[in-house]
Number of protein chains: 6
Amino acid sequence: MRISVFRRAHFNAAHRLHNPNWSEEKNREVFGLCNNPSFHGHNYELEVKLTGEVDPETGYLIDLKILKDIIYEHIEQRFDHKNLNLDVPEFAHLNPTAENICFVIWNILRQQLPEKFELKVRLYETPRNYVEYPA
Amino acid sequence: MRISVFRRAHFNAAHRLHNPNWSEEKNREVFGLCNNPSFHGHNYELEVKLTGEVDPETGYLIDLKILKDIIYEHIEQRFDHKNLNLDVPEFAHLNPTAENICFVIWNILRQQLPEKFELKVRLYETPRNYVEYPA
Amino acid sequence: MRISVFRRAHFNAAHRLHNPNWSEEKNREVFGLCNNPSFHGHNYELEVKLTGEVDPETGYLIDLKILKDIIYEHIEQRFDHKNLNLDVPEFAHLNPTAENICFVIWNILRQQLPEKFELKVRLYETPRNYVEYPA
Amino acid sequence: MRISVFRRAHFNAAHRLHNPNWSEEKNREVFGLCNNPSFHGHNYELEVKLTGEVDPETGYLIDLKILKDIIYEHIEQRFDHKNLNLDVPEFAHLNPTAENICFVIWNILRQQLPEKFELKVRLYETPRNYVEYPA
Amino acid sequence: MRISVFRRAHFNAAHRLHNPNWSEEKNREVFGLCNNPSFHGHNYELEVKLTGEVDPETGYLIDLKILKDIIYEHIEQRFDHKNLNLDVPEFAHLNPTAENICFVIWNILRQQLPEKFELKVRLYETPRNYVEYPA
Amino acid sequence: MRISVFRRAHFNAAHRLHNPNWSEEKNREVFGLCNNPSFHGHNYELEVKLTGEVDPETGYLIDLKILKDIIYEHIEQRFDHKNLNLDVPEFAHLNPTAENICFVIWNILRQQLPEKFELKVRLYETPRNYVEYPA
C-alpha cells in the first residue's frame, strides 16, 4: 500500500534577486523590481510530500508530528523572519529565486528523512507563483 | 485526448487512533492526543480524481453530477456526521488514520466507477495534513 | 488611533448536540445527524478580534505573540483533540452548538485579556457555517 | 536540475453546454441546467505548469513575468468577460465543457511557449470541479 | 445572549451590465467589458448573516439546516445556472451589478425570515470584488 | 440604499520592527525575530471597504475599476517590492507594524477618494494576523 502524505508549513522572509557577475543595469533589466537592493519579502508557503509504504502497525506512512518537527527545526528555524541573501549561508552565492529556494529546501530535508521515502517539495512564493522539485 | 477531472466533497467525522494489540501506554506514546479515548474530530475534505478519454459526443470525461452522486451515496452518506471507529464497519478492525481512510475510500469508489477510469483519492484531514492514494 | 487586530487559531474536536430534557425522539428530530450518540467532529477555526488604542511606543495594539500564547494556553490546550461534551467541563450541562462554544470561548478569553480591549470572537464550524459573539 | 513552475490566472465567462447534433430534449437530459439557452457563467481559475531545466545564470525556469504576459495576451484577453460559445471562435463548433476549454487553452499556450518546456494546464470551473490536461 | 450566525452558499450565473436609457457608446464607456452584449459570468459566493437571541432550549440562533434550505429554495433555485438579465424577473428593469444583486437577495430573504432576526447579505462577484447590504 | 463595496489588492514587501529610542537589547526583547536588522518580509493582502449610496444610473457605489486603479497607483506602486523602512518615506520615522501600515494606507486612500464614501482598510500581514482601521 504505497501512499503519499503531505505537510504544509510557512516562513516569512526577505530576499533580493541578483547575479553578481552581471552589471547593475543587466540585473535591473532581468530581475526588475525583484532586484531592489534594499530587498522585498514574502510569506512563503511550503508543501512537503513524502511517498512510501504505510506501516501496518500504526497505519501511518510517517508520524506527521515528526515530519512537522523536522520541517520546523531544519527549515523554519533557519528561514523564518530571515533575509535569505544575508542570513542563510546556502544563498551566499546562490540567487534566492523560488526555484533555488525549493531546491535548497529539498536538499536539506533529503538529509533529514529516511531514504525509503521519496521526497517532493512545493514552494509558494505567492498564491499565484509556485514551484515544485523534483519535476 | 486523455484528461483528468476532479471533484471535491467533504464530511465531518469523529475518530480516535488506537492499536488494540498495544498497551494503553504505547498507544498514548505513539498516537498522543489522537489516542484520546473519548474521540476528537475533523472536517475531512475529499478530492476524487478520474483519468481517461473524453467522450467526443458530450465533451465530458464523466458527467460530474454522476460522480457527485456516487460520492454522496457511497462516502458522504456513510461517513458524514459519524464516528469512524464506532459507526463505519470498515474501521472496526482498522485504525482510522488519514492513510487508511483514504485507502478505504479509494476501494469503495473503485467498485462504483467504470474500470476505464484511473482513480486517485486525496484526503485532507486538516488544511495542513493530507494524503493521496495511490502514490 | 483606535484599531482592531485579529488572530486566527484552530482546534479539532468531537461533539454531539443533545438536550437532556428532551426525549431521544425529539433530539433526533431537532438535531438530526448532529445528535449521533457516538459523536462526530470538526476542524474549528477561531478568529479573535481585539479593539483599542495603539501603543505609540511599539506601534502595536497588543503583541500578537502574547495573544497567540493566551489562545494556545486557554483555548487550544483545553479544546484541541478533545470531545467537547465529555472532556470540557463548560459543556457538561451546556449543548456544544457553535453558538455556545463561541460564547464559552469569549468568556474564557475575556478573563485573560486586559479590560481596555473590546473583544469579539468568530468561530467557524465549517467553512460554510460560522458564528460571531457579541453580535 | 529539472523543476516545475506554476502560474495562476483567471477569467470570467459565460457559456452553455449543447450538442447541435442532438434534439433539444436530449440536450436538456444530458446537460441539465448547463444547457440553459440564455447561458450561465463562471469565474474560471487557470493554473499553468511548465517543467524543464533551471537556467543557472538567472536561477529561473522562465521569468514568470513573461509567462504572465503570454497568459494575459493569449488567454485572458480572448476569454475574459466573453461568451465562450458566441465570442471565442474555438468554440463555434466545440462544446465548451471544462475538458474542452482546458484542451483549447493547452493548444493555444503550447504554440506560444518554447518546446523545451513541458506544459500542463489545470482549469477550475468552480472550487469543487476542475480538470487537467494532459493527464 | 445576542449573537450572529453566518451561512455561505453559491450560484453560477451569466449577466451583462447595461443601462437602456443610455446610448450604446455611453454603455461601453461606463461598463467596459461588463457591457458585452453576449454576456459573461461569475461564480457568485453568498454569505447570509443573521443576528438575534440564542434559543436556550436548542443553543441555536436558527437551525442552519433551515437557513440553508431557505437560501436554496429562494436564491439558488432561482439564480443558479441562470442568465440574470434574461431569466430572473427582478433584473428585467434593474441593472444586475453586484450592488443590485445583493440588494435583491436581501429583499427576497427578508420576506422569508422571521422579523426578530437582523439580516445582512454579502455577495462575492469574484474573490477580489464584493459588496455588503445593508452597510 | 446604503451599501458597502470591497476591493482586494496585494503587495510584497520587506520590513523590520524597531524603535530607535530604545536600546538594541530592548528592541530584541520586544520585537523578537521581527527586529532582525537585515529585515524579513510578507505578502501583504489589502482589503479596501467603501460605504455610501448606490448611484441609480449605474447601479454602482463606485466603478471598482476606478478603485482598483487608485489602489494600484497610490499603494501598490509605492509599496510593492519595496523595503518599507528604507524605501517608503512614511516609515522613515514610523515603525512599520501592521497597525501603522494600515493607518498609513488609510490616510493615503482617504485623500484620493470622494468624501462622501466612508473608508475602512483591513491589512493581512499573514493569513493568521491582520488589522483593521478604523475600528
Using only the Cα atoms of region B:43-96, each taken as one equal point scatterer with no solvent, compute I(q) by the Debye sum, divide by I(0), and report log10 of the ratio at q = 0.25 Å⁻¹.
-1.02
Over region C:37-127, what percent of the accessible surface lies on carbon and sulfur atoms, probe 1.4 Å?
52 percent
How charged is the neighbourhood of residue A:123? Take every other residue with its Cβ under 10 Å from the Cβ of residue A:123, and add Lys/Arg as +1 and Asp/Glu as -1.
-4
What is the diffusion coefficient of the protein assembly as shown in µm²/s, taking the Kirkwood radius over Cα pairs and the Stokes-Einstein relation at 20 °C with a viscosity of 1.002 mPa s?
75 µm²/s
Whole-Å semi-axes of chain D's equivalent ellipsoid, largest first, each the root of 5 times a Cα gyration tensor eigenvalue?
32, 14, 12
What's the longest bit of chain B with no exposed GluC sites (Glu not before Pro), using DSSP loop states and at most 14 other Cβ atoms within 10 Å as the test?
B:58-114
So for region B:75-129, averaging the separation of alpha carbon pairs under 8 Å that are six or more residues apart and normalising by length, what relative contact order in percent results?
27 percent
As a test of the formula, what do you get for chain F when each DSSP H run with n ≥ 4 contributes -39,500 (n - 2.57) and the sum is divided by the residue count, at 222 nm and rounded to the nearest 500 deg cm²/dmol?
-7000 deg cm²/dmol
Inter-copy distances for residue C:28, nm, shortest first, label points 7 Å along Cα→Cβ, are 3.7, 4.0, 6.6, 6.6, 7.6
Skip the ligands, DNA and RNA, and give the accessible area per residue of region A:2-133 with a 1.4 Å probe, whole Å².
42 Å²
Number of Lys-Lys pairs in chain C under 16 Å by Cα, sequence gap 8 or more or different chains?
5
With a 1.4 Å probe on protein heavy atoms only, tell me which residues of region A:1-17 lose at least 20 Å² of accessible surface in the complex relative to the chain by itself.
A:1, A:2, A:3, A:4, A:5, A:6, A:7, A:8, A:10, A:12, A:14
Probe 1.4 Å, protein heavy atoms only: A and F together bury a total accessible area in Å², to the nearest 100, of 1500 Å²
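The values are calculated or read from the model by the stated rules, or taken from the named source; none is laboratory data. These numbers were taken from a predicted model, which means no experiment stands behind them. Neighbour counts are summed over all protein chains in view; Cβ atoms, including those assigned to glycine, are modelled from backbone coordinates with ideal geometry. Surface areas here come from the heavy atoms of the whole protein model, side chains and all, with no ligands, DNA or RNA. Shrake-Rupley method; radii C 1.70, N 1.55, O 1.52, S 1.80 Å.
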